[in-house]
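> Before I ask anything, let me first share the structure, which is written out below as structure tokens.
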Amino acid sequence: MMLTRKKVSWFIMSMLIVMLMASCTRGEESPSNLEENNPTSEEVSEELVFVNFRDIRDLNPHLYSGELFAQNLLFEGLVMVTEDGIQPWLAKDWDISEDGRKYTFHIRQGITFSDGHPFDASVVEDNFRAIYDNYDRHGWLESIRLLESYSATDKYTFEMELKEPYYPLLIELAVTRPFRFISPEAFIDGTTKNGVSELIGTGKYVLAENHIDEYAVFEVNPNYWAEKPEISRIVAKVMPDNQSRTLALESGEIDIIYGTNMVDADTYIKYSEMDGFGASLSDPLATRMLIMNSTDPILSDVKVRQAFNAAVNREEISEGIFYGLEAPADRLLASTVPYCDVGLDGYIYSLEKANSLLEEAGWQMNEAENVREKDGEPLEIQLHYNADSVTERTISEYLQDEMRKIGMDLKITGEEEQAYRDRMKSGNFGITFNISWGTPYDPHSFLGGMRMPAVYGDYAAQQGLEKVDELHDTILKAFTSIDEIQRQTYYDEILTYLHEEAVYAPLTFERNRAVYNEKVNNVTFNPSQFEVPLDRMYLD
């Protein structure tokens, strides 16, 4: 194990040197230069300085381009996801019909938007109409597809009826988008699909300033209907570069760095051991994985996919790259995820098994080239990764080296994020990185996305499977079943089939993390990794 850690550490050290040289070449702003862009020179005791790698972008809650942490500060839904399950929010309670198709929500009274507009059932109806007006954008959601009718039956009662039962409905109403509410005064031409005139919600904060690609300022909503947060002002700075962020944290320019994409394992370990700083780690949230395209000429053979899985040493990835912060994942979804405690034999690292499977598939070793061949063609597979992710690059380089042990030539290519995502959605890949949607979206949103083209790469990757149509039908049956035992049976079938077909190569179970100045208290995590509970934090 020590040898592997040294090898992987060499990868990380090499990349850090490259990144440092690149940042010097680009002339990144020094901490002193960044201080000149500070939105305030006065010390504000109740101000928290947060950092993100990009601008907050379009925060229209009915679309998907804005930063979730910011949308979560401004906008609220009928219900919320908590560690204890779905709880009331703007609705004080609700009723569900026996057949699971009709939901009746009882709206809290006395709530107003930050612009003073009253919040009631008619506003809920207006927002639902605006969301449904953009059906093509939201049609991947089963809750939208199954929605038959909705209406405000009186001032504080809202009803919605589905064509079929759909047990994850409350979860989809609870997550950050698209079912959050914006003041009708901000609608453009009676809808939101073409934009909004203002960002007016019922949330704990309002957007006070936004300086694109520099910083945004959120201040406590003076009209907030419930208990106000202790931190009265949040400044969200934009810092794309990881080194700049860590220097800013150490200098006191920012107070907290939050998120798996913002805090790598090395950074977490460093600040967890440094005086004056704290570090927090969430429970496992999602599965970090690779996805293999079953339509690829080589990967269309299940034995090759199974061989790849057998050649992945998840223990070494967990320890060597993540220092044990992310546990090895031997299956697609952790057994702790609802409906996923299925009796599967997890993937086991075995080069002997991997080599045997490739032999069975007709791939013979060319000793001179140290690469397997079949019908005169080499066992050459392309892996794409997000060039902006140091973690993905490190894993790719490690796997490239490891796959040589079974005679596989793994070609790796890094691309900028948008090109990488476009390739994934189009299905133009052999192997690429993927991740489950995480709590509270797993398993239903992750599996549901497999049924829809161009959501992520899952649909395209599965098109070579013999029983792909049956798989997708079974996923829908699980969603619409009102019998818990039958629903579990469907999930057993789904997860067993995906496991045996080995389209996915799970790597680790991802955990959210944060590092921060010790003056920041109550740094916790929501069930959704995409939300940041800034409203629950407070400062010494």
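> State which residue is surrounded by the most Cβ atoms within 10 Å (Cβ to Cβ) when the search covers only the stretch 142-171 and only residues that are β-branched (Val, Ile, Thr) and closer than 21 Å to residue 71 by Cα.
Restricting attention to the stretch 142-171, the residues satisfying the condition of being β-branched (Val, Ile, Thr) are 144, 153, 157, 171.
Filter again for closer than 21 Å to residue 71 by Cα, leaving 144, 171.
Working: 144: 18, 171: 20.
Top of the filtered list is 171.
> Please specify each residue of the stretch 481-529 satisfying the condition of being among the hydrophobic types (A, V, I, L, M, F, W, C) and part of a strand (DSSP E or B). Break it down into steps so the answer makes sense when it comes.
Taking the stretch 481-529 as the starting set, the residues that turn out to be among the hydrophobic types (A, V, I, L, M, F, W, C) are 482, 485, 494-495, 498, 502-503, 505, 507, 509, 514-515, 520, 523, 525.
Correct list: 505, 507, 509, 514, 515, 520.
> Every residue in the stretch 293-318 that is of a type outside the set (S, T, N, Q), surrounded by fewer than 20 Cβ atoms within 10 Å (Cβ to Cβ) and either in contact with a Ser or Thr (Cβ under 8 Å, 6 or more places away or on another chain) or closer than 25 Å to residue 380 by Cβ (or both), please.
Start the filter on the stretch 293-318 by keeping residues that are of a type outside the set (S, T, N, Q), which leaves 296-299, 301-305, 307-308, 310-312, 314-317.
Restricting the remaining residues to those that are surrounded by fewer than 20 Cβ atoms within 10 Å (Cβ to Cβ) gives 296-297, 302-303, 315-316.
If the condition is that a residue be of a type outside the set (S, T, N, Q), surrounded by fewer than 20 Cβ atoms within 10 Å (Cβ to Cβ) and either in contact with a Ser or Thr (Cβ under 8 Å, 6 or more places away or on another chain) or closer than 25 Å to residue 380 by Cβ (or both), then 296, 297, 302, 303, 316 are the ones that fit.
> Please work out if residue 493 is in contact with a Ser or Thr (Cβ under 6 Å, 6 or more places away or on another chain), more than 28 Å from residue 319 (Cβ to Cβ) and either assigned by TED's automatic domain parsing to the domain that holds residue 278 or free of Cβ contacts under 8 Å to residues at least 60 places away in the same chain (or both). Can you show your working first?
Numbers: in contact with a Ser or Thr (Cβ under 6 Å, 6 or more places away or on another chain): yes; more than 28 Å from residue 319 (Cβ to Cβ): yes; either assigned by TED's automatic domain parsing to the domain that holds residue 278 or free of Cβ contacts under 8 Å to residues at least 60 places away in the same chain (or both): yes.
The answer is yes for residue 493.
> Is at least one residue of the stretch 187-201 within 24 Å of residue 528 (Cα to Cα) and not β-branched (Val, Ile, Thr)?
Within the stretch 187-201, the subset within 24 Å of residue 528 (Cα to Cα) is 199-201.
Remaining after also requiring not β-branched (Val, Ile, Thr): 199, 201.
Yes: one or more hits.
Residue-by-condition table, conditions (1) within 24 Å of residue 201 (Cβ to Cβ); (2) in contact (Cβ under 8 Å) with a residue 12 or more places away in the chain; (3) out of contact with any Ser or Thr (no Cβ under 8 Å at 6 or more places or on another chain):
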position: 90; (1), (2), (3): yes, yes, no
position: 114; (1), (2), (3): yes, yes, no
position: 117; (1), (2), (3): yes, yes, no
position: 136; (1), (2), (3): no, no, yes
position: 142; (1), (2), (3): no, yes, yes
position: 147; (1), (2), (3): yes, yes, yes
position: 154; (1), (2), (3): yes, yes, yes
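> Exactly one condition in (1) modelled with pLDDT of 95 or more; (2) hydroxyl-bearing (Ser, Thr, Tyr); (3) under 21 Å from residue 220 (Cα atoms) is false for residue 97; which is it?
Result: residue 97 fails condition (3) only.
> Only one of these is buried (at least 17 other Cβ atoms within 10 Å of the Cβ) and not in a helix (DSSP H, G or I): 123, 81. Name it. Don't jump to the end; show me each part of the working.
Working: 123 fails: not in a helix (DSSP H, G or I).
Every option except 81 fails the conditions.
> Please verify whether residue 109 is touching a residue at least 12 places away in the same chain (Cβ under 8 Å), over 27 Å from the mean Cα position of the chain (by Cα) and either over 26 Å from residue 197 (Cβ atoms) or assigned to a helix (DSSP H, G or I) (or both), treating the condition exactly as stated. If you could, list the steps in order and put the result at the bottom.
On the way: touching a residue at least 12 places away in the same chain (Cβ under 8 Å): yes; over 27 Å from the mean Cα position of the chain (by Cα): yes; either over 26 Å from residue 197 (Cβ atoms) or assigned to a helix (DSSP H, G or I) (or both): yes.
So residue 109 passes the test.
> OK, next. Please find, among 226, 186, 174, 208, the residue that is among the aliphatic types (A, V, I, L, M), under 26 Å from residue 88 (Cβ atoms) and surrounded by fewer than 18 Cβ atoms within 10 Å (Cβ to Cβ). I'd like the intermediate steps shown before the answer.
On the way: 186 fails: surrounded by fewer than 18 Cβ atoms within 10 Å (Cβ to Cβ); 174 fails: surrounded by fewer than 18 Cβ atoms within 10 Å (Cβ to Cβ); 208 fails: under 26 Å from residue 88 (Cβ atoms).
Within the list 226, 186, 174, 208, the selection yields 226.
> Let me ask something else about it. Could you say which residue among 185, 219, 214 is modelled with pLDDT of 95 or more, of a type in the set (Asp, Glu) and farther than 20 Å from residue 50 by Cα?
Working: 219 fails: farther than 20 Å from residue 50 by Cα; 214 fails: farther than 20 Å from residue 50 by Cα.
Sole residue among the options that is modelled with pLDDT of 95 or more, of a type in the set (Asp, Glu) and farther than 20 Å from residue 50 by Cα: 185.
> Give me a count of the residues in the stretch 332-375 that are crowded, with 16+ Cβ neighbours inside 10 Å, of a type in the set (Gly, Ala, Ser) and without any contact (Cβ under 8 Å) to a residue 12 or more places away in the chain.
Number satisfying all stated conditions: 0.
> Here is a follow-up. Name the residue that is nearest to residue 337 (Cα to Cα), counting only residues in the stretch 431-462 that are buried (at least 18 other Cβ atoms within 10 Å of the Cβ) and without any contact (Cβ under 8 Å) to a residue 40 or more places away in the chain.
Residue satisfying both the conditions and the ranking: 450.
> Next up: With the condition kept exactly as written, say whether any residue in the stretch 387-406 is part of a loop (DSSP other than H, G, I, E, B), surrounded by 23 or more Cβ atoms within 10 Å (Cβ to Cβ) and assigned by TED's automatic domain parsing to the domain that holds residue 424. Don't jump to the end; show me each part of the working.
So in the stretch 387-406, the residues part of a loop (DSSP other than H, G, I, E, B) come out as 387-389.
After this cut, where a residue has to be surrounded by 23 or more Cβ atoms within 10 Å (Cβ to Cβ) as well, the list is none.
Checked against the condition, which is being part of a loop (DSSP other than H, G, I, E, B), surrounded by 23 or more Cβ atoms within 10 Å (Cβ to Cβ) and assigned by TED's automatic domain parsing to the domain that holds residue 424, the stretch 387-406 yields no hits at all.
> Tally time: how many residues in the stretch 129-141 are more than 14 Å from residue 64 (Cα to Cα), part of a helix (DSSP H, G or I) and out of contact with any His (no Cβ under 8 Å at 6 or more places or on another chain)? Steps first, please.
Initial filter on the stretch 129-141 (more than 14 Å from residue 64 (Cα to Cα)): 129-130, 132-133.
If we keep only those that are part of a helix (DSSP H, G or I) as well, we get 129-130, 132.
Adding the requirement that they be out of contact with any His (no Cβ under 8 Å at 6 or more places or on another chain) leaves 129.
Qualifying residue count for the region: 1.
> Could you check the stretch 492-540 and list, in sequence order, the residues that are touching a helix residue (DSSP H, G or I) at 6+ places or on another chain (Cβ under 7 Å), within 16 Å of residue 82 (Cβ to Cβ) and not charged (D, E, K, R)?
522, 524, 530, 532
> Additional query: Going through 317, 298 one at a time, which residue ends up being of a type in the set (A, V, I, L, M), in contact with a helix residue (DSSP H, G or I) (Cβ under 9 Å, 6 or more places away or on another chain) and not in a helix (DSSP H, G or I)?
Values: 317 fails: not in a helix (DSSP H, G or I).
So the residue among 317, 298 that is of a type in the set (A, V, I, L, M), in contact with a helix residue (DSSP H, G or I) (Cβ under 9 Å, 6 or more places away or on another chain) and not in a helix (DSSP H, G or I) is 298.
Here is a yes/no grid of residues against (1) of a type outside the set (A, V, I, L, M); (2) modelled with pLDDT of 95 or more; (3) touching a strand residue (DSSP E or B) at 6+ places or on another chain (Cβ under 9 Å); (4) more than 26 Å from residue 475 (Cα to Cα):
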{"site": "138", "(1), (2), (3), (4)": "yes, no, no, no"}
{"site": "150", "(1), (2), (3), (4)": "yes, yes, yes, no"}
{"site": "155", "(1), (2), (3), (4)": "yes, yes, yes, yes"}
{"site": "159", "(1), (2), (3), (4)": "yes, yes, yes, yes"}
{"site": "162", "(1), (2), (3), (4)": "no, yes, yes, no"}
{"site": "167", "(1), (2), (3), (4)": "yes, yes, no, no"}
{"site": "173", "(1), (2), (3), (4)": "no, yes, yes, no"}
{"site": "180", "(1), (2), (3), (4)": "yes, yes, no, yes"}
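One line per residue, one yes/no per condition, for (1) within 23 Å of residue 336 (Cβ to Cβ); (2) buried (at least 23 other Cβ atoms within 10 Å of the Cβ):
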{"residue": "464", "(1), (2)": "no, no"}
{"residue": "486", "(1), (2)": "yes, no"}
{"residue": "506", "(1), (2)": "yes, yes"}
{"residue": "533", "(1), (2)": "yes, no"}
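> Turning to a different aspect of this structure: Run down 90, 68 and say which single residue is outside the structural domain of residue 158 (by TED's automatic domain parsing) and under 29 Å from residue 165 (Cα atoms).
On the way: 90 fails: outside the structural domain of residue 158 (by TED's automatic domain parsing).
Sole residue among the options that is outside the structural domain of residue 158 (by TED's automatic domain parsing) and under 29 Å from residue 165 (Cα atoms): 68.
The values are calculated or read from the model by the stated rules, or taken from the named source; none is laboratory data. A quick note: this is a predicted structure, and the numbers were derived from the prediction, not measured. When we count neighbours, we look across all protein chains shown, and the Cβ atoms used for this are built from the backbone with ideal geometry, even at glycine.
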